[in-house]
Amino acid sequence: MKNFSEVFIKYSNEFESNKITIEPVFSDSQIPMLIKEDLAITEYLGQKKAYINLGSRLKDFSPNRFRKIAAKLAHYPRDIQIDFDKFPHSFLRYLIEVVAFQRSDIFSLKADYAKTRAKYRSILVVSSYLDELKPIIEKYQIINNSVNYARYYQNIPPNIGNSEFLASEIQKKILLNPKLTVKVLGEKEIRKLGMNLLLAVNRGSTYEAKLVVISYEGLPGSQYKTAFVGKGITFDSGGYNIKTGMFMNDMKYDMSGAIICAAAMDALAQFNPLANVVAVLPITDNRLDGDANTADAVWRSMNGKTVEINNTDAEGRLILADAITYAIRQENATEIISVATLTGAIRVALGDTFTGAFANEEKIWKGLNEASKEAGELIWRMPLHLDFAQNIRDSKVADLKNTDFSGKAGSSSAAMFISEFVEDKPFCHLDIAATAFVKNNPTGIMVKTLVEYILAK
């Protein structure tokens with residue numbers, strides 16, 4: 001199994017004689033035979049030089065522009081050394097990000113996978129001010145390694161990545177980080193705590209439900225603690241409200257929230273922030289057997305509120321509800337951030353461009369919004385409003401229903417269900433159903449944002 005600390009770029013303050021040196025130029029350059037096409041690379045192999053055309057000098061160097069430049073260099077078919085002193089200083093973080101994302105070891109059982117990775121050529125960054133760049137290199141290497149850790153496990157098929165496997169793998173990883181503690185609760189402990197919503201979802205599974213709790217204490221004695229609560233459904237069949245057509249495909253990604261929160265914890269602890277953080281990760285699959293959860297069932301949550309099940313395919317919000325209660329009552333969390341592939345409706349609203357964010361107060365929203373900008377991950381605030389809770393509060397036999405069947409604002413009603421369990425704590429829910437995997441590629445989305453949010457405290 002991969003150690004998830006791979007360095008895809010080497011660094012030096014001296015050039016190597018056997019590598020092609022790449023420099024940036026602009027389209028008005030007078031270099032003979034220069035290809036004028038934007039981002040084209042012109043080779044002068046006799047001189048062991050190449051130039052990448054950055055276009056007009058007036059063109060802004062936005063993050064997306066830097067990513068395009070980095071992607072061009074990452075795909076270059078020769079061993080190269082980049083004359084970094086001639087590039088903008090801020091380009092480095094995007095070069096690290098893009099190269100790490102493209103070259104990461106994402107889980108695959110394809111026979112030729114190792115050969116494909118072996119085709120990547122070496123990249124050497126050469127700079128005379130390497131000491132000044134080291135903090136940037138270290139920060140973004142740590143963060144992007146953690147993104148790739150999340151992406152690796154996102155891609156594992158459910159016949160391997162069941163709840164017991166995933167909990168064990170997270171525990172092994174976290175135990176390697178001396179600044180974190182981890183505990184894994186099994187069915188006996190979960191039942192004793194009254195986490196009946198988590199157990200209800202797990203009823204149809206052949207694997208035991210797990211609750212993984214990861215803790216970082218960077219400010220001992222503080223009364224403030226942030227909880228990351230990540231949905232860990234290792235496969236979602238829909239249960240008795242079974243998914244039809246193509247909707248069951250890609251349901252291995254339904255555990256993305258849990259692995260993303262675990263990855264963020266592993267990264268942020270390496271920066272020693274002055275904050276207390278806990279990740280609470282409920283992990284199970286949602287499958288069928290003769291005793292699986294059914295529509296019309298009523299379960300009492302750990303919080304004490306009762307929930308009528310009117311849709312077994314709305315299971316993520318159930319396990320999040322119990323996990324949030326655990327975070328508040330067992331871990332003394334004072335603010336909650338949930339991360340989940342929760343609703344298909346968020347894809348209708350925001351496509352696969354923005355993660356939907358639902359916040360119950362301005363401070364936590366402002367903090368996450370600023371963190372997302374620093375991280376370069378797009379989020380968009382969606383409404384939390386009591387109108388979206390009317391139908392889930394309309395049960396005749398329980399405090400809540402788990403689904404609003406009105407067909408309106410499905411992402412908001414799901415977020416409102418979760419908010420019923422936050423006990424007036426500052427709360428933000430991040431719905432990553434459309435952004436956790438894009439074009440069949442796991443993204444590890446929100447790892448960076450969660451880390452930046454804590455680092456800004």
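The values are calculated or read from the model by the stated rules, or taken from the named source; none is laboratory data. All values reported here derive from a predicted model rather than from experimental measurement. For neighbour counting, all protein chains shown are included, and Cβ atoms are generated from backbone atoms with ideal geometry for every residue, glycine included. The accessibility values were calculated without ligands, DNA or RNA, using every heavy atom of the protein model including side chains. Shrake-Rupley method; radii C 1.70, N 1.55, O 1.52, S 1.80 Å.
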### Query
So what is the 222 nm mean residue ellipticity for the chain from helices alone, if each DSSP H run of at least 4 adds -39500 (n - 2.57) and you divide by all residues, rounding to the nearest 500 deg cm²/dmol?
-10000 deg cm²/dmol
### Query
What list of ³J(HN,Hα) values in whole Hz, one per residue of segment 394-411 in order, does the Karplus curve 6.51 cos²θ - 1.76 cosθ + 1.60 (θ = phi - 60°) give from phi, with Gly and Pro shown as x?
9, 6, 8, 10, 8, 5, 9, 9, 8, 9, 9, 8, 5, x, 10, 6, x, 5
## Note on the structure
Taking the alpha-carbon centre of each part, the distance from segment 31-52 to segment 237-294 in Å is 47 Å
### Summary
Counting only protein heavy atoms and rolling a 1.4 Å probe, one gets per residue an accessible area for the chain in Å² of 43 Å²
#### Entry: Subset of 59/139; 192/396; 210/396; 231/305; 363/408; 252/439 violating a 24 Å alpha-carbon distance limit
59/139; 192/396; 210/396; 363/408
### Message
Just to confirm the number: angle between the C-alpha axis of helix 130-154 and the first principal axis of the chain, 0 to 90 degrees, nearest 10?
### Response
40 degrees
### Summary
Residue span residue 121 to residue 208: 0.36 nm per residue of separation minus Cα-Cα distance leaves a gain in nm of 26.9 nm
### Summary
From most to least accessible, 1.4 Å probe, no ligand or DNA/RNA atoms counted, 129, 51 line up as 129, 51
## Note on the structure
Between the Cα axis of helix 91-103 and the main Cα principal axis of the chain, the angle (0 to 90°, nearest 10) is 70 degrees
## Note on the structure
Rounded to the nearest 10 degrees, the helix 362-375 long axis (Cα) sits at an angle to the longest Cα principal axis of the chain of 30 degrees
### Message
For residue 122, what residues show an amide H to amide H distance below 5 Å, using hydrogens built from the backbone and excluding near sequence neighbours?
### Response
79, 80
### Task
Report the normalised scattering of segment 10-143 as log10 I(q)/I(0) at q = 0.13, 0.16 Å⁻¹, calculated by the Debye formula with identical scatterers on the alpha carbons.
-0.59, -0.88
### Task
Determine the relative contact order of segment 156-456: mean sequence separation of Cα pairs under 8 Å and six or more apart, normalised by residue count, in whole percent.
21 percent
### Summary
Semi-axes in Å, largest first, for the chain (Cα gyration tensor, √(5λ)) are 44, 22, 21
### Summary
The ³J(HN,Hα) series, computed from each phi in segment 33-49 with the Karplus coefficients 6.51, -1.76 and 1.60 at θ = phi - 60°, rounded to the nearest Hz and given as x for glycine or proline, is 6, 5, 6, 8, 4, 4, 6, 5, 10, 9, 9, 10, 5, x, 9, 6, 9
### Query
Hey, any idea what % of segment 156-456's accessible area is carbon plus sulfur with a 1.4 Å probe?
50 percent
### Task
Quote the relative contact order of segment 10-143 in percent (integer), defining contacts as alpha-carbon pairs under 8 Å separated by 6+ residues.
33 percent
### Task
Using a 1.4 Å probe and ignoring any ligands, DNA or RNA, find the accessible area of residue 354 and quote it in Å² to the nearest 10.
60 Å²
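Once fully extended, how much extra length lies between residue 244 and residue 271, figured as 0.36 nm per residue of separation less the alpha-carbon to alpha-carbon distance?
On the way: separation 27, 0.36 × 27 = 9.72 nm, distance 4.48 nm.
Going from the current span to full extension adds 5.2 nm.
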#### Entry: Reach of residue 425 by Cα under 14 Å, taken over aspartates and glutamates that are not fewer than 8 positions away in the same chain
331, 335, 361, 362
### Task
Sequence neighbours fewer than 8 away in the same chain don't count; with that in mind, list the lysines whose C-alpha is under 20 Å from residue 119.
2, 10, 19, 72, 110
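How much of the accessible area of segment 10-143, in percent, comes from carbon and sulfur atoms when a 1.4 Å probe is used?
The value for segment 10-143 is 53 percent carbon and sulfur by accessible area.
Pulled fully out, how much extra length does the chain show between residue 298 and residue 132, if you take 0.36 nm times their separation in residues and subtract their Cα-Cα distance?
Difference between extended and current length: 53.8 nm.
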### Message
Among DSSP bridges having both ends in the chain, what percentage is antiparallel? Round to the nearest 5.
### Response
40 percent
#### Entry: Phi to ³J(HN,Hα) by Karplus 6.51 cos²θ - 1.76 cosθ + 1.60 over segment 66-82, Hz, x for Gly, Pro
4, 5, 5, 4, 4, 4, 5, 5, 5, 8, 4, x, 9, 5, 10, 10, 9
### Message
For a quick check: with amide H placed at 1.01 Å from N, whose amide H comes under 5 Å from residue 21's, ignoring anything fewer than 5 positions away on the same chain?
### Response
49, 50, 81
### Task
Hey, can you grab everything whose amide H is under 5 Å from the amide H of residue 225? Only 5+ residues off in sequence or another chain; H modelled, so Pro and N-termini drop out.
334, 335
### Query
Tell me, what is the FRET efficiency for residue 395 and residue 113 to the nearest 0.05, using R0 = 60 angstrom and their Cβ-Cβ distance as r?
0.75
